[in-house]
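A.B. asks: Dropping a structure here in structure tokens format, bear with me for questions.
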Amino acid sequence: MSLIVQKFGGSSVADAESIKRVAKRIVETRKAGNDVVVAVSAMGDSTDELLDLANEVTPIQAPRELDMLLSAGERISMALLAMAIKSMGHDARSFTGSQAGMITDATHGAARIVDVTPVRLREALDDGAIVIVAGFQGFSRESRDITTLGRGGSDTTAVALAAALEADVCEIYTDVDGVYTADPRVVKRAHKLGRVTSEEMLELAASGAKVLHIRAVEYARRHGVTLHVRSSFNNTEGTVVYDPSRAPEGAEVEESVIAGVAVDLSEAKITVVGVPDKPGVAAKIFKIVAATNANVDVIVQNVSAAATGKTDISFTLPKADGEKALTALAGAQEAIGFGSLQYDDQIGKLSIVGNAMRNASGVSAKLFEALYEAGINIEMISTSEIRISVVTRADSVNQAAIAVHTAFGLDAAEDAVVHAGTGR
Ligand code: ADP
Ligand code: ASP
Ligand code: MG
């Protein structure tokens, strides 16, 4: 008998009908003779709706209470899903993250899983029940409070369960047929990848491809869990995210240098204007930013003007971290000795990712050429071994993604199918 972990995202359980459809799918897996453990997300956009509600009550929320609120979304879907399965004549039991033994650190809103003690899940499996676990949430032994794992965190719940229970398969069911060469909502001609390495998937997730939670990919890599991302709306094969060092024989490899293109509209740019061009200044600036726990991404320092000996330093960071970084820097204006600060939240970041970039030449030239031909100005550039990112104006980044996708020969013959979801 195999143990299969299945994760169903919000758009797959958006309403009563969808819940019944998903329940049927789970029951089929059970009937085929498998033990089944399910991680489920909150229905549809209900996490966003809870956030909107909190913002209506107060713009500044206590992190502990916000986690209490948001974790309620998954409680609703897990119970309804268990009811649906029971109505089909199969035993099912739902568990909150804390009941499932999802132990995290105490960081509200972005908790890390530190231990998984699925005692109650094993008992339920031994009793022959289908196990349903609320995704996205855990419990901190340190603070004795409920935590959440960050937006998109139900993927990580599924992977952690698969690792702890030594599952044979971890399937991530969503509203598209797998991992595509770009977000099919942005690039209609994106094509589905048969396989993608966990390293490429990590870079894609870090660059804004929200199809998988980045921590889920990290966790899967660390614990040797192979992921299968697929649609909950049909039975087509999805995308296998695998570790090449553990790749099955004869794993087919894509021909293209680029595995995919990702777009990120969640960052802003801060420019520190008129910084003295001397040793230690960058250290001072980024120490102050680091103390706010802001997550700095792309950094660019201009050449200094010979006449003044001053330069500008720009960096990007999540919009959510913008305010605190600005406040901290403003407070240190004299100590650092800069002229002024600029804040720009109308930027977009486009990234291309591919393992084969390591050994290929001319990739950046091709990228820049494609952007030039599309009339798009590049404001910042950053690279890793397998990724090149450029910062552009927010309103041209989608058009940039379409152009770059075509330039690298990634376009499919037909438009990709998006089965559900609002893309929110
Ligand atoms: P779920 O609710 O199932 O967790 P998400 O909305 O979190 O679903 O993730 C699926 C969405 O990710 C897709 O609908 C798609 O718009 C988006 N996406 C972004 N980049 C990609 C990509 N490279 N491949 C597939 N989907 C992508
Ligand atoms: N419901 C949570 C969110 O919307 C977690 C998830 O769906 O993975 O972010
Ligand atoms: Mg998701």
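The values are calculated or read from the model by the stated rules, or taken from the named source; none is laboratory data. Since the model is a prediction, treat every value here as computed from it, not as a measurement. For neighbour counting, all protein chains shown are included, and Cβ atoms are generated from backbone atoms with ideal geometry for every residue, glycine included.
A.B. asks: Looking at region 202-228 only, could you name the residues that are more than 16 Å from ligand 2 (Cβ to nearest atom) and either within 20 Å of residue 161 (Cα to Cα) or out of contact with any Lys or Arg (no Cβ under 8 Å at 6 or more places or on another chain) (or both)? Step through it out loud before you land on a result.
C.D. replies: Pass one, region 202-228, residues more than 16 Å from ligand 2 (Cβ to nearest atom): 202-204, 206-207, 221-226, 228.
Once the filter is applied, which keeps residues that are more than 16 Å from ligand 2 (Cβ to nearest atom) and either within 20 Å of residue 161 (Cα to Cα) or out of contact with any Lys or Arg (no Cβ under 8 Å at 6 or more places or on another chain) (or both), region 202-228 yields 202, 204, 206, 221, 222, 223, 224, 225, 226, 228.
A.B. asks: Additional query: Could you name every one of the helices (runs of 4 or more DSSP H) located completely within region 325-424 that has at least 3 residues being among the β-branched types (Val, Ile, Thr)? Walk me through how you get there before you give the answer.
C.D. replies: Numbers: elements: 333-336, 363-373, 397-407.
Counting at least 3 such residues, we get 397-407.
A.B. asks: Next question. So which residues in region 308-324 are assigned to a helix (DSSP H, G or I) and basic (Lys, Arg)? Talk me through it step by step, then tell me what you get.
C.D. replies: First, pick out the residues of region 308-324 that are assigned to a helix (DSSP H, G or I): 319-324.
319, 324, listed by residue number.
A.B. asks: Using the structure shown, decide if residue 104 is more than 16 Å from residue 212 (Cα to Cα), within 16 Å of ligand 1 (Cβ to nearest atom) and in contact with a Gly (Cβ under 9 Å, 6 or more places away or on another chain).
C.D. replies: Numbers: more than 16 Å from residue 212 (Cα to Cα): yes; within 16 Å of ligand 1 (Cβ to nearest atom): no; in contact with a Gly (Cβ under 9 Å, 6 or more places away or on another chain): yes.
It is false that residue 104 is more than 16 Å from residue 212 (Cα to Cα), within 16 Å of ligand 1 (Cβ to nearest atom) and in contact with a Gly (Cβ under 9 Å, 6 or more places away or on another chain).
A.B. asks: Let me ask something additional. Starting from region 1-21, keep only residues that are under 10 Å from residue 173 (Cβ atoms), then list their pairs with residues that are assigned to a strand (DSSP E or B) and within 16 Å of ligand 2 (Cβ to nearest atom) whose Cβ atoms are within a distance under 6 Å, requiring at least 6 positions of separation or different chains.
C.D. replies: 6/38; 6/171; 7/39; 7/172; 8/40; 8/173; 9/174; 12/173
A.B. asks: Does residue 150 meet the test of being within 16 Å of ligand 3 (Cβ to nearest atom), modelled with pLDDT of 95 or more and surrounded by fewer than 21 Cβ atoms within 10 Å (Cβ to Cβ)?
C.D. replies: Values: within 16 Å of ligand 3 (Cβ to nearest atom): yes; modelled with pLDDT of 95 or more: yes; surrounded by fewer than 21 Cβ atoms within 10 Å (Cβ to Cβ): yes.
Taking the combined requirement at face value, the residue satisfies it.
A.B. asks: Then there's this: Kindly indicate which of 21, 64 is modelled with pLDDT of 95 or more, basic (Lys, Arg) and either in contact with a Phe, Trp or Tyr (Cβ under 9 Å, 6 or more places away or on another chain) or closer than 20 Å to residue 220 by Cα (or both).
C.D. replies: Values: 64 fails: either in contact with a Phe, Trp or Tyr (Cβ under 9 Å, 6 or more places away or on another chain) or closer than 20 Å to residue 220 by Cα (or both).
The conditions single out 21.
A.B. asks: Which one of these is touching a residue at least 40 places away in the same chain (Cβ under 8 Å), of a type in the set (D, E, K, R), on the phi < 0 side of the Ramachandran plot and crowded, with 20+ Cβ neighbours inside 10 Å: 177, 105?
C.D. replies: Matching residue, one of 177, 105: 177.
A.B. asks: Here are the criteria: (1) buried (at least 17 other Cβ atoms within 10 Å of the Cβ); (2) touching a Lys or Arg at 6+ places or on another chain (Cβ under 9 Å). Tell me which single one residue 48 does not satisfy.
C.D. replies: (1)
A.B. asks: So which residues in region 178-207 are outside any loop (DSSP other than H, G, I, E, B) and not hydrophobic (A, V, I, L, M, F, W, C), if there are any at all? Before the answer, list the steps.
C.D. replies: Narrowing region 178-207 to residues outside any loop (DSSP other than H, G, I, E, B): 180, 192, 195-206.
Scanning region 178-207 gives 180, 192, 195, 197, 198, 199, 200, 203.
A.B. asks: Next up: Tell me which of these residue 138 doesn't satisfy, since it passes every other one: (1) surrounded by 22 or more Cβ atoms within 10 Å (Cβ to Cβ); (2) part of a loop (DSSP other than H, G, I, E, B); (3) within 15 Å of ligand 2 (Cβ to nearest atom).
C.D. replies: In the conditions (1) surrounded by 22 or more Cβ atoms within 10 Å (Cβ to Cβ); (2) part of a loop (DSSP other than H, G, I, E, B); (3) within 15 Å of ligand 2 (Cβ to nearest atom), residue 138 misses (2) alone.
A.B. asks: Let me ask something else. Kindly evaluate residue 190 against the criterion of being hydrophobic (A, V, I, L, M, F, W, C), within 16 Å of ligand 3 (Cβ to nearest atom), touching a residue at least 12 places away in the same chain (Cβ under 8 Å) and surrounded by 24 or more Cβ atoms within 10 Å (Cβ to Cβ).
C.D. replies: On the way: hydrophobic (A, V, I, L, M, F, W, C): yes; within 16 Å of ligand 3 (Cβ to nearest atom): no; touching a residue at least 12 places away in the same chain (Cβ under 8 Å): yes; surrounded by 24 or more Cβ atoms within 10 Å (Cβ to Cβ): yes.
In short, no.
A.B. asks: Given (1) farther than 25 Å from residue 177 by Cβ; (2) touching a Lys or Arg at 6+ places or on another chain (Cβ under 9 Å); (3) at pLDDT 95 or above, identify the lone condition not met by residue 272.
C.D. replies: Every condition holds for residue 272 apart from (2).
A.B. asks: Another question, then. Identify, please: which residue in region 253-302 is among the polar types (S, T, N, Q) and away from ligand 1 (no atom under 16 Å from the Cβ) and is, among those, farthest from residue 213 (Cα to Cα)? Show your work before the answer.
C.D. replies: Looking only at region 253-302, we keep the residues that are among the polar types (S, T, N, Q), and these are 256, 266, 271, 292-293, 295, 301-302.
Filter again for away from ligand 1 (no atom under 16 Å from the Cβ), leaving 271, 292-293, 295, 301-302.
Numbers: 271: 29, 292: 23, 293: 20, 295: 17, 301: 31, 302: 34 Å.
Out of the qualifying residues, it is 302.
A.B. asks: Yes or no: residue 132 part of a strand (DSSP E or B), modelled with pLDDT of 95 or more and hydrophobic (A, V, I, L, M, F, W, C)?
C.D. replies: So residue 132 fits the description; yes.
A.B. asks: So which residues in region 1-46 are within 16 Å of ligand 1 (Cβ to nearest atom), over 16 Å from residue 158 (Cα atoms) and in a loop (DSSP other than H, G, I, E, B), if there are any at all?
C.D. replies: Across region 1-46, the qualifying residues are 14, 15, 43, 44, 45.
A.B. asks: Of the residues 220, 190, 216, which single one is hydrophobic (A, V, I, L, M, F, W, C), within 11 Å of ligand 1 (Cβ to nearest atom) and more than 11 Å from the chain's Cα centre (by Cα)?
C.D. replies: Among 220, 190, 216, only 190 is hydrophobic (A, V, I, L, M, F, W, C), within 11 Å of ligand 1 (Cβ to nearest atom) and more than 11 Å from the chain's Cα centre (by Cα).
Here is a yes/no grid of residues against (1) within 23 Å of residue 21 (Cα to Cα); (2) in contact (Cβ under 8 Å) with a residue 60 or more places away in the chain:
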| position | (1), (2) |
| --- | --- |
| 119 | no, no |
| 127 | no, no |
| 131 | yes, yes |
| 137 | no, yes |
| 140 | no, no |
| 150 | no, yes |
| 155 | yes, yes |
| 172 | yes, yes |
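A.B. asks: If I ask for residues that are within 25 Å of residue 45 (Cβ to Cβ) and β-branched (Val, Ile, Thr), which ones from region 73-112 would you list?
C.D. replies: 76, 85, 96, 104, 107
A.B. asks: Further question: Examine region 147-170 for a residue that is away from ligand 1 (no atom under 16 Å from the Cβ), part of a loop (DSSP other than H, G, I, E, B) and more than 21 Å from residue 222 (Cα to Cα), and state whether such a residue exists.
C.D. replies: Taking every residue of region 147-170 in turn, none turns out to be away from ligand 1 (no atom under 16 Å from the Cβ), part of a loop (DSSP other than H, G, I, E, B) and more than 21 Å from residue 222 (Cα to Cα).
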